[in-house]
Amino acid sequence: MLGALPGRIVRSAAGHDKGKFMVAVRADKDFVYLADGKERKLESPKKKRLKHINPTNTVIDMRDLTDKRLRGIIAEFTSGRSEDD
C-alpha cells in the first residue's frame, strides 16, 4: 500500500487526531505507526489502521530525524497546504 512506506507524510482520516499530518515511522500488514514529534514522539508512535490514513506524495528522509526536526518538517508541510487539500 502507498501509505505503508516509512518516511511518508500522511493525514489522519479518523480518530481524535483526524486531519492532522504525521509521518509513517514503520508499518506492518494492517497497521502503520505514526509520529508527529509533539504528541506522538518517534520513540512511541501511534498505531493506526491503514484504512484510517490518507497518504500524501511526500516522503522525507528518516535518517538522523529528531522530534524537533520532525515538528519543523510537518509545520512547513502544513503551512504550504490549503484547507481543502
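Which whole-Hz ³J(HN,Hα) couplings does the range 38-44 yield from phi under the Karplus relation 6.51 cos²θ - 1.76 cosθ + 1.60, θ = phi - 60°, glycine and proline marked x?
10, 6, 10, 7, 4, 6, 9
For the range 1-57, would you read off the P(r) tail past 13 Å as a percentage of all alpha carbon pairs?
So the pairs more than 13 Å apart make up 49 percent of the total in the range 1-57.
What is the count of Lys pairs in the chain whose alpha carbons sit under 21 Å apart, if the two are 8 or more places apart or on different chains?
Going through the chain pair by pair, I get 24.
I want to check the label-to-label distance for R71 and A13. Put each point 7 Å from Cα in the C-beta direction and report it in nm to one decimal.
So the label points at R71 and A13 sit 3.0 nm apart.
Multiply the residue separation of L5 and R26 by 0.36 nm, subtract the distance between their alpha-carbon atoms, and state the gained length in nm to one decimal.
6.8 nm
From the backbone phi of the range 10-23, what are the Karplus-calculated ³J(HN,Hα) couplings (6.51 cos²θ - 1.76 cosθ + 1.60, θ = phi - 60°) in whole Hz, Gly and Pro given as x?
10, 10, 5, 9, 7, x, 5, 9, 3, x, 7, 8, 9, 10
Put +1 on the Cβ of each Lys and Arg and -1 on the Cβ of each Asp and Glu in the range 2-79; which of A75, S12, I60 then has its Cα farthest toward the positive end of the dipole?
Positive-end residue among those listed: S12.
Any read-out appearing in this document is the output of simple, stated calculations on the displayed coordinates, not a laboratory observation. None of these values were measured; they are calculated from a predicted model. All Cβ positions, even for glycine, are placed from backbone atoms using ideal geometry, and neighbour counts span all protein chains on display.
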